[in-house]
Amino acid sequence: MQVEIKDFTRETLADAQAIAAKMFTRPVEDLIEHLLENPVNKVYGCDSYGEIAYQEGTPVAFRAAILKQLYLGQQPLLGVVGSTFCSDKLTSPVLLMKLLKKNVGARAGSRFFFTNTSCEASMKLNKLVGIKSIGPASCGKIRYSILRLGSFIRIASHGKFPELLARIVDFFSKPFLCCMGLVPWRKDSHIQLAAIIDEKAYEHFWSDYLATNKGLVCSRTATELKWAYDRFLEDKALALLE
């Protein structure tokens, strides 16, 4: 079997979009392309935004790698966030392991690899591909959250579980979870964001925050936030006007 791993770049964008569109239940093509605009990559001259695995010339697995500026106190460090991981069920396990090992490796001098969520199975897999610790003591903790039952069923059923039924399940299951002490009894709050980030005001806030930072924190400059959230904020603002 002919196998290959390529960097996720502008040249291989269509391949990454193809495998992601096949494996995710919601449209992700725009998100995949947006990853290529990460401003941190541009600062450090890093032209790799993840990896794509191929079997017989066909893309079968993909994982993005988001380069992030971090600070331990005031000491600058580079890290990588694993993102948008997907794999066809026919992907060779050996090829998949090679993909993950390359994905967690250092790029542009990065010293940390982390993800936004994890579970027992993925933690074991992380160790197999070379991740050796849980990070600095200030953040090396395992946290968990109780899933909303209705939403979990809807996602697990690949969107086939109707939204209305999901809300009904959540409504009736919440009192039980509260009585068990698993979730707090409070009304859900919704924050609507309808303004684009004020760069000047935010840079002042970030500078003050970083000056007294003690633990490990991801950089939150206005440039990085605008890349991450501006399109989301614009969509919310337009939705409010419709």
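The values are calculated or read from the model by the stated rules, or taken from the named source; none is laboratory data. None of the values given here were measured: they were computed from a predicted structure. Using ideal geometry, Cβ is built from the backbone for each residue, glycine included, and neighbour counts are taken over all protein chains shown. Each accessible area value is taken on the protein alone, full model and side chains, heavy atoms only, with ligands, DNA and RNA left out. Shrake-Rupley method; radii C 1.70, N 1.55, O 1.52, S 1.80 Å.
Looking only at residues in the range 23-38 that are touching a residue at least 24 places away in the same chain (Cβ under 8 Å) and in a helix (DSSP H, G or I), the one that is surrounded by the most Cβ atoms within 10 Å (Cβ to Cβ) is ILE32. Within the range 63-82, the residues that satisfy the criterion of being out of contact with any Phe, Trp or Tyr (no Cβ under 7 Å at 6 or more places or on another chain) and either outside any strand (DSSP E or B) or under 16 Å from THR12 (Cβ atoms) (or both) are GLY73, GLN74.
Once the range 40-62 is narrowed to residues that are under 16 Å from the mean Cα position of the chain (by Cα) and under 13 Å from ASP15 (Cβ atoms), the residue that is most open to solvent (accessible area, probe 1.4 Å) is TYR49.
Among the residues of the range 9-22, none is identified as under 16 Å from the mean Cα position of the chain (by Cα) and either part of a loop (DSSP other than H, G, I, E, B) or surrounded by fewer than 18 Cβ atoms within 10 Å (Cβ to Cβ) (or both). Among the residues of the range 40-59, the ones that are of a type outside the set (D, E, K, R) and in a helix (DSSP H, G or I) come to 4 in all. Residues that are within 30 Å of LEU210 (Cβ to Cβ), of a type in the set (Gly, Ala, Ser) and not in a loop (DSSP other than H, G, I, E, B) are absent from the range 84-102 altogether. Taking the numbered list (1) modelled with pLDDT of 85 or more; (2) touching a strand residue (DSSP E or B) at 6+ places or on another chain (Cβ under 6 Å) in turn, PRO136 passes all entries but (1).
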